[in-house]
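What follows is one structure encoded as structure tokens, with my remarks underneath.
Each reported figure results from applying straightforward, stated rules to the coordinates on display, with no laboratory input. Just so you know, these numbers come straight off a predicted model, no measurement behind them. All Cβ positions, glycine included, derive from the backbone under ideal geometry; neighbour counts span all protein chains shown.
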Amino acid sequence: MLITSIGQGLLWAPLVIGVFLTFRILNIPDLTTEGSFPLGAAVTISSMLAGQSAIVASLLGFVAGCLAGWVTGVLDTKLKMPSLLAGILTMTGLYSINMHIMGKANIPLLDQKTLMGWLPASWSLNLQTIVIGSVVTLVVLAGLIWLFQTRLGLSLMATGNNPAMSAANGIYTDRMVIIGYMLSNGLIALSGGLIAQSNGYADIGMGIGTIVIGLASVLVGEIFLHGRQIWVRLTGMVVGAIIYRYLLTLAMGLGFPVNDLKILSAAILVIVICLPLLQNKYRTKRQLRRYLKEIGVDQHATTNYSERPTLAKSLLSRNQQRAARLKGRESND
């Protein structure tokens, strides 16, 4: 179960990293994900059926995802559409484009050689998936870590942190946003191509719910591995993808039907969103109790809601008395 989760998590890792780029770096909720993921699968499988190698087909899927991100970026920056609406429009249009690319709702691979087929046939499918997923993920991580050390990458992060200040310092924020969209959706499409090769087919509906999968994996990764360095954050996305796939595999092993995986994904997302909020609330209460203990106030008073206003007033009056005494001393001096 764990080996399978690691292999599948590594194949989903480019999607999680792509969602991380828009959601965390650019602070943009991009719904193009649910269109660019099947787009990558459709282009990859169609290219392989047309005689292209698995490597070339996967790169073509990446390029197709970049084009989809470019469309969303232009709608967002040039036509001034809200990012959510721009993503929805691109996602809707990609449904028809994917149907034209595939010709039908589902296209299977025949005797085409996938990326896993380049490895020795004596290896198990799980081992082949782990090796290919590790190689692709390491290439993506190395490329992004290098990118964010360049001026372009720093400008991309600055645009997400403070667009107004970035524009004031001469950064073309619209261009940075478009590049972020393209890079994000390119990685998402690459993941779609990898998943399609692993499954042996491309389906028009395989992108449904991918944005939930991506967001849940991002938040899970930030819980288990967090830091300020970009390489730590990117590595956390890979860890989040693996843990998320393990949770789904564990749920299926406990007897959950396959049809309930979508609602299970939504439930996991709700949990990982609420968990940090509950942790912050508990941390705040603990700090308040420690402070009240230091100043000699009964801790049980903090649990009585009726006494909280009185406690607050008493603390305020004490502070006012201290301020008055200090002011009197200053006037005497």
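Couple of notes before you dig in:
- Across the chain, C-alpha contacts under 8 Å between residues 6 or more apart give a mean separation that, scaled by the residue count, equals a relative contact order of 30 percent.
- Each residue, residue 291 and residue 105, gets one label point 7 Å from its Cα in the Cβ direction; the gap between the two is 5.9 nm.
- 38 Å tail of the calculated P(r), the chain, as % of Cα pairs: 29 percent
- Gain on full extension, evaluated as 0.36 nm per residue between residue 4 and residue 80 minus their Cα-Cα distance, stands at 23.0 nm.
- The GNM of the chain, with springs linking C-alpha atoms under 10 angstrom apart, assigns the highest mean-square fluctuation among 191, 83, 96 to 96.
- J(HN,Hα) series, the stretch 132-146, from Karplus relation 6.51 cos²θ - 1.76 cosθ + 1.60, nearest Hz, glycine and proline x: 5, x, 5, 5, 5, 5, 5, 5, 5, 5, 4, x, 6, 4, 5
- In the chain, a dipole from Cβ-located charges (positive for Lys and Arg, negative for Asp and Glu) runs towards its positive end, and of 82, 117, 254 it is 82 whose Cα lies farthest in that direction.
- Mean-position separation - Cα centroids, the stretch 151-216 and the stretch 32-71, in angstrom: 15 Å
- Ranked for footprinting exposure by Cβ neighbours inside 10 Å, fewest first, 129, 90 give 129, 90.
- Charge dipole (the chain, unit charges on Cβ, about Cα centre) - positive-most of 199, 39, 229: 229
- Ellipticity at 222 nm from helices only: DSSP H runs of n ≥ 4 in the chain, each -39500 (n - 2.57), divided by the residue count, give -25500 deg cm²/dmol.
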